[in-house]
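K.L.:
What follows is a single structure, and I will ask about it in a moment.
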Amino acid sequence: MSQKIHHYSNGEVTIVWQPELCKHSKLCWKGLNTVFNPGKRPWINANAAATNAIIEQVKKCPSGALSYFMNEEGASHNSIS
């Protein structure tokens, strides 16, 4: 079975969401609910905050379900340190 992967971009950064990895810690939407809003579809709006704010919030994802890459780089950055 293939894993679902979703991409959301603001032109500078692309947020990668792997729903099967999500542990529903709520850190994403509690920390940056302008971008991460589970009550909306799509639930990620990459245009709703500055790129740096998005990156900092994605890095806090404890499960690795959220990651990002800078569009000019094309390489994914893991959200787990």
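The values are calculated or read from the model by the stated rules, or taken from the named source; none is laboratory data. Just so we're clear, the structure is a prediction, and the values are computed from it rather than from any experiment. Virtual Cβ from ideal backbone geometry, glycine too; neighbours counted across all protein chains shown.
K.L.:
What number of residues in region 18-39 are farther than 16 Å from HIS7 by Cα and either polar (S, T, N, Q) or part of a loop (DSSP other than H, G, I, E, B) (or both)?
P.N.:
Keep residues of region 18-39 that are farther than 16 Å from HIS7 by Cα, which gives 23-27, 29-34, 39.
Pick out the ones that are also either polar (S, T, N, Q) or part of a loop (DSSP other than H, G, I, E, B) (or both) and you get 23-26, 32-34, 39.
Number satisfying all stated conditions: 8.
K.L.:
Looking at region 40-70, which of its residues are free of Cβ contacts under 8 Å to residues at least 24 places away in the same chain and in a helix (DSSP H, G or I)? Can you show your working first?
P.N.:
Taking region 40-70 and keeping what is free of Cβ contacts under 8 Å to residues at least 24 places away in the same chain, we get 40-41, 43, 48-50, 52-53, 56, 59.
Scanning region 40-70 gives ASN52, ALA53, GLU56.
K.L.:
Given the structure, is ILE5 over 10 Å from the mean Cα position of the chain (by Cα) and either within 22 Å of MET70 (Cβ to Cβ) or not aromatic (Phe, Trp, Tyr) (or both)? Spell out how you get there, then give the answer.
P.N.:
Values: over 10 Å from the mean Cα position of the chain (by Cα): yes; either within 22 Å of MET70 (Cβ to Cβ) or not aromatic (Phe, Trp, Tyr) (or both): yes.
For ILE5, the condition - over 10 Å from the mean Cα position of the chain (by Cα) and either within 22 Å of MET70 (Cβ to Cβ) or not aromatic (Phe, Trp, Tyr) (or both) - is met.
K.L.:
Quick check: is even one residue across region 54-63 basic (Lys, Arg) and over 12 Å from the mean Cα position of the chain (by Cα)? Outline the logic, then answer.
P.N.:
To start, the set of residues in region 54-63 that are basic (Lys, Arg) comprises 59-60.
Imposing the further condition that a residue be over 12 Å from the mean Cα position of the chain (by Cα) reduces the set to none.
No, region 54-63 has no match at all.
K.L.:
Tell me, please, whether a residue that is of a type outside the set (A, V, I, L, M), surrounded by 15 or more Cβ atoms within 10 Å (Cβ to Cβ) and within 17 Å of ASN71 (Cβ to Cβ) can be found in region 21-32.
P.N.:
Checking region 21-32: not a single residue is of a type outside the set (A, V, I, L, M), surrounded by 15 or more Cβ atoms within 10 Å (Cβ to Cβ) and within 17 Å of ASN71 (Cβ to Cβ).
K.L.:
Right, next: When you scan region 6-17, how many residues do you find that are surrounded by 14 or more Cβ atoms within 10 Å (Cβ to Cβ) and in a loop (DSSP other than H, G, I, E, B)? Steps first, answer last, please.
P.N.:
Within region 6-17, the subset surrounded by 14 or more Cβ atoms within 10 Å (Cβ to Cβ) is 8-10, 12-17.
The next check asks that each one be in a loop (DSSP other than H, G, I, E, B); those that pass are 10, 12.
Total satisfying the criteria: 2.
K.L.:
Return the only residue of SER63, SER79 being modelled with pLDDT under 95 and touching a helix residue (DSSP H, G or I) at 6+ places or on another chain (Cβ under 7 Å).
P.N.:
Numbers: SER63 fails: modelled with pLDDT under 95.
Answer to the selection: SER79.
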